[in-house]
Structures are given as C-alpha cells and as structure tokens.
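Notes follow the structure.
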Amino acid sequence: MPATTTTAKQDPASDHIDGTPANGPRHVAIIMDGNGRWARMRGRPRLFGHHAGARRVREIVEACPDLGVRYLTIFAFSTENWKRTQAEVSGLMSLFRRYITREARALRDEGVRVRFIGDRVRLDDKLIALMDELEAMTAGNDRVHLTIALNYGARDEVARATRRLAEDVAAGRLDPGDVDVETLPRYLDTRVLPDPDLVIRTSGEARISNFLLWQSAYAEYEFIDTLWPDFTADEFARLVHAFGGRERRFGAVKA
C-alpha cells in the first residue's frame, strides 16, 4: 500500500447499524492482556493462556456488528514481546499461523475484513505469506474491519512513518511547508482507518504500552480487571454502551 494513501474520513454516525446508538464507538481498540496470568492461576503454561485468548477473539469480533462497532483493532504481539523466552515467542508465532489458517474462511464468510499493522521484517516468511493471503481473501468485506497489530509498537510506527515522510520531502514529492498534523497520519500503518474512539485494556494494568499513541490522542479509555480469556461479549457490550454516556468535547467547552 503506498505511503501516501489518504486516511479514510467518514461521518461517524453513518457507520452504525440500525438500532444501535449513533453516539457509540465506531472504532474500538483492545490491549488483550492477562493470558499468562490466567494460565498460571490454573497451573498451566503461559501458552495455554494464549490459546484461550485467541479463542476469545472470535466471540468479540462476532459481537461487533450488533453493537455498531465497525472497526476493531487488537494488540496481538508488540515489538517488546521479543524479550520473552524463546519458547513463548516460538509458541506465539505458531499460534498466529494456526489462527490464520483455522479462522480464514470463517472471517471471509462473516464479512470481516482483516488487516495487519506493524513491522513485518522480523516475522518468518510463512507467517507473512499467510497474512498476505488473509488480507487478500477478505479485501472485499466491509461488515467488520479487524486490524491485528503484530510486531507492532507505536514509537516504531511513528519512526517508520517519519522516515517515509522524510524520503518524500528529500525526493521533492512533499513540500516541507505543507507538513501539518494531517500529514503524518497518511504515513502511519493505520492510514486507511479512523482513529479509535474507545481503547480497552484488560487485566488490571493502567497503561497503554506503546499502542496507537498518535491515533488515540482523543480516545476514551477503559482499564478493567478482567483477564483477557475471561473477557466476554457481555462485558464488551457493557463497555460499548457506557461509552455513549461520556461527554466528548475534544478541547472545546460545551455551551
């Protein structure tokens, strides 16, 4: 995808399905945390928790249309997660390959469009090929836009985007005087997506861990104690509906 592809701009109310609140979140981003602790509490290895967490993703994706959530972005593997043990990293990469292979047809048939964001340089060729195939297979879908952040870090994303922007300036494709707050987003991994309205982090941690830093500047946040494998569609629905009661002023003062 070219770096200069413009960011999608849409009427927030237009993406909501009949019967759902127009002031609900159009785009929800989730930091899926707590898989390891969930497994440890059951006396099982960490990968057992990751497998349970992967199964939970399907339930949340399936809940999105009825809640009016058009875009769902999930944090699957960060640039910092390479610091984990080799066994866990290898197990996670195997899990990603198995998830894509197992879920591809269902995602396509359910109208889900899948995108991956992050730096693919450190990923193995087989996984990259599966990612490319899934993106191509679901490219015509529009019911739910599922974005999976894999080997993703927001600082890394901004650095890569800035490098591409600088290359365009150096090549004469972009005038430095034209660079403003609308320019950098066109170079981000999420350039075709609207910014998230609501960011949820499970497991009781109250930090954003280098996730969508630019895009979430005006997002609402929910930090909840539930571990990701226990996060149900009902709890997701509760958070989505609670969002509608928030007053979002974006720096302005309500008259």
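Structure values in brief
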{"item": "Members of the range 119-135 that are closer than 18 Å to ALA104 by Cα, in contact (Cβ under 8 Å) with a residue 12 or more places away in the chain and aliphatic (A, V, I, L, M)", "result": "LEU127, LEU130, MET131, LEU134"}
{"item": "Selection within the range 132-172 - within 23 Å of VAL121 (Cα to Cα), surrounded by fewer than 13 Cβ atoms within 10 Å (Cβ to Cβ) and of a type in the set (A, V, I, L, M)", "result": "ALA136, ALA139, ALA159"}
{"item": "Of residues in the range 83-99 being within 12 Å of LEU123 (Cβ to Cβ) and among the hydrophobic types (A, V, I, L, M, F, W, C), the one surrounded by the fewest Cβ atoms within 10 Å (Cβ to Cβ)", "result": "VAL89"}
{"item": "Meets criteria (modelled with pLDDT of 95 or more, under 27 Å from TRP214 (Cα atoms) and within 21 Å of the chain's Cα centre (by Cα)) for GLU80", "result": "yes"}
{"item": "Qualifying strands (runs of 3 or more DSSP E) (wholly inside the range 137-255; at least 1 residues being farther than 16 Å from MET32 by Cβ)", "result": "144-152, 220-223"}
{"item": "Set LEU227, LEU193: member being in contact with a helix residue (DSSP H, G or I) (Cβ under 8 Å, 6 or more places away or on another chain) and of a type outside the set (Ser, Thr, Tyr)", "result": "LEU227"}
{"item": "Positions within the range 97-109 being touching a helix residue (DSSP H, G or I) at 6+ places or on another chain (Cβ under 6 Å) and either closer than 11 Å to HIS51 by Cα or not small (Gly, Ala, Ser) (or both), in sequence order", "result": "ARG97, TYR99, ILE100, ARG108"}
{"item": "Failed criterion for VAL112 (all others in (1) in contact (Cβ under 8 Å) with a residue 12 or more places away in the chain; (2) over 28 Å from ARG155 (Cβ atoms); (3) of a type outside the set (Ser, Thr, Tyr); (4) surrounded by fewer than 18 Cβ atoms within 10 Å (Cβ to Cβ) hold)", "result": "(4)"}
{"item": "Test: residue in the range 57-69 that is out of contact with any Leu (no Cβ under 8 Å at 6 or more places or on another chain) and under 25 Å from GLY153 (Cβ atoms)", "result": "yes"}
{"item": "Of residues in the range 191-221 being acidic (Asp, Glu) and buried (at least 18 other Cβ atoms within 10 Å of the Cβ), the one farthest from ASP156 (Cα to Cα)", "result": "ASP197"}
{"item": "Residue check, GLY36 at pLDDT 95 or above, part of a helix (DSSP H, G or I) and within 16 Å of the chain's Cα centre (by Cα)", "result": "no"}
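Here's the yes/no breakdown for (1) within 18 Å of the chain's Cα centre (by Cα); (2) free of Cβ contacts under 8 Å to residues at least 60 places away in the same chain:
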| site | (1), (2) |
| --- | --- |
| VAL169 | no, yes |
| GLY177 | no, yes |
| VAL192 | yes, no |
| ARG201 | yes, no |
| GLY204 | no, no |
| ILE208 | yes, no |
| PHE211 | yes, no |
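The values are calculated or read from the model by the stated rules, or taken from the named source; none is laboratory data. Note that the structure is a prediction, hence the values are computed from the model and not measured. Heads up, the Cβs are rebuilt from the backbone with ideal geometry, glycines too, and the neighbour counts pull from every protein chain shown.
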